Amino acid sequence: MKLVHQINLAFALSLILVLSVTAVVIHYVLLDHFIGTQRKDMQSIGAELSAKLETAAAQSLPIDSTPIAVTGYTAGRMANVEVIIQDTQGNVVIPRETVTAYPYDAAPIRPVEFSTVSFQAAMNNDAYLTEVTTVPQGTLTLLTPLSKIKAIEQALLGRLMLVFGVGAVMMFILSLFITKRLIKPLMLLREELKKVKQRQFSEVERVTASGEIGVVADSLYEMAGELERYNHVQKQFFQNASHELKSPLMSISGYAEGIRDGVFEGEDIRKGLEIIMSESGRMRNIVTEMTLLAKLDSEDDIFKATAVNLRELVEETIERINPVLVKKGLFVHPSYGENESLIVCADRDKLLQALLNIVSNGARHASKHIYIQAGIQKGQVVLTVSDDGEGISDELLPFLFHRFVKGKNGESGLGLAIARAIVERCGGLITAGNRKEGGAVISLGFPPYRTTSLV
């Protein structure tokens, strides 16, 4: 069953259930209300008639001289109330005429024949509402058939149910309209999800909707955009990877064939072998870096988080890269915030690899100096690596941390991509820019170390 039909069916059943419960409740509420109102009216009537009978008894008037009764029986339909008088022996007095001037009288009065036996049967029957008052002449009894009260209640309930029915139809029509408004965006989302399933990410369109459905629609559109970019990056990654691996393979193959065919002799053979070894090492480094990137993206257990002293890590980085610095005649200027705890939660070996990649990148572009600064800024542990080189071009800057993106004098184009992956796995953020004084600057920001960081 379609969702729209399920919603409409559920709403209809809920509406029927609510109206049924409401009808039952209203039925008993109305019945209790009418019975209570009728009982109060009977008490008022009884009090007034008792007063008249007491007055007649005080004046020693016979019962047939009172304005409400004659000898034997008196019954008046006063607001659907039967008035019955019994004498002191318990006999029902039979009416000869009926009072028509009583204010509760609303309909032509018709005498009702009651014998003593039938009256006692009526008193013991739950179908009558009774009010008994003792008077000097005997007993004054007021009776109202409950059937009359129920008839009034049923008539009013019927009208209320008619109003409920009309309201229910209008609510159901409104629910159909609202359901259509809700289901239509979902149906459109389903079509867009089919495009995602078929990997047609660029063809996914934004679905206009409100509320939570609108949020889901926006998320789907953004997800499709991210998948499209990821798909493009993956294709570009394989293209660049094949190109980077093809270059050393061509060199290795060319020199190997030359040596085999006797093209190279003497010293040329030694140079060819050195090139083969150099290109083999370069290809091995590219494969190693590609493998590391793949593991950082897909394997959780490769990352072992511990408390790492960033100052000690910077000192070790400088020590490891010192031969390159000496060879190029570069100077490194580290500085650290005073009395500041530069402890972060990270995988020490992986973060060391990231720092080596970043400082090595700075060494390739620096003229004379590399500046490394570590401290606390706005509650974050911040490390910056800057140089006095030519800086990063505006065209390259947005893609600096992408895979196989190389600047001038770049090697594999994977070093900064690996650094970004490692820093982000540490919960940090890496950014790049240019110094006002000239040269590039790469900033790393980490949340401060807390005991719960390792949990």
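Worth pointing out:
- Distant-in-sequence amide H partners of L129 (H built 1.01 Å from N, under 5 Å): T144, L146
- Solvent-accessible ranking of K40, K350, K52, K378, largest area first, probe 1.4 Å: K378, K40, K52, K350
- Taken along the Cα-to-beta-carbon direction at a fixed 7 Å, the label points for K304 and K148 span 9.8 nm.
- Across all Cα atoms of segment 212-298, the radius of gyration (one decimal) and Dmax (whole number) stand at 21.7, 76 Å.
- Segment 212-298 - percent relative contact order, Cα under 8 Å, separation 6 or more: 28
- A simple spin-label model places pseudo-atoms 7 Å from Cα toward Cβ; at E274 and V216 they are separated by 6.7 nm.
- The HN-Hα couplings worked out from phi for segment 342-358 by the Karplus form 6.51 cos²θ - 1.76 cosθ + 1.60 (θ = phi - 60°) are 9, 9, 10, 9, 7, 7, 4, 5, 5, 5, 4, 4, 5, 5, 4, 4, 5 Hz, whole numbers, x standing for Gly and Pro.
- Of all lysines in the structure, those lying under 20 Å Cα to Cα from K295, and not within fewer than 8 positions of it along the same chain, are K235, K304, K350.
- Cα gyration tensor shape of segment 121-226, rounded if a/c is under 1.5, else prolate or oblate by comparing a/b with b/c: prolate
- For segment 160-306, fraction of C-alpha pairs farther apart than 21 Å, in %: 70
- Less than 5 angstrom separates the built amide H of D347 from those of T306, all sequence-distant by 5 or more or on a different chain.
- Integer Hz, Karplus 6.51/-1.76/1.60 couplings in order for segment 359-375, x for Gly and Pro: 5, 5, 4, x, 5, 6, 10, 6, 8, 9, 10, 10, 10, 10, 10, 10, x
- Accessible area in square angstrom per residue, segment 160-224, 1.4 angstrom probe: 73
- Other-chain or far-sequence residues with amide H under 5 Å of D388's (modelled H): S367, K368, H369
- Spin-label model, E265 to E316: label points 7 Å out along the Cα-to-beta-carbon direction sit 5.4 nm apart.
- Taken over segment 306-446, the alpha-carbon convex hull comes to 107 cubic angstrom per residue.
- Ordering K184, K150, K195 by accessible surface, largest first, gives K184, K150, K195; the 1.4 Å probe counts only protein heavy atoms, with every chain in place.
- Estimated at 0.36 nm per residue, the fully extended path between T139 and S393 surpasses their Cα-Cα distance by 80.0 nm.
- Counting only residues at least eight positions apart within a chain, or on another chain, the lysines with an alpha carbon under 28 Å from that of K436 are K327, K328, K368, K378, K406, K408.
- Per-residue Karplus couplings for segment 252-257, computed as 6.51 cos²θ - 1.76 cosθ + 1.60 with θ equal to phi - 60°, are listed in order as 4, 5, x, 5, 5, 5 Hz, Gly and Pro entered as x.
The values are calculated or read from the model by the stated rules, or taken from the named source; none is laboratory data. Note that the coordinates shown come from a computational prediction; the quantities given were computed from them, not determined experimentally. Backbone-built Cβ (ideal geometry, glycine too); neighbour counts: all protein chains shown. The area values use the complete protein model at the heavy-atom level, side chains included, leaving out ligands, DNA and RNA. Shrake-Rupley method; radii C 1.70, N 1.55, O 1.52, S 1.80 Å.
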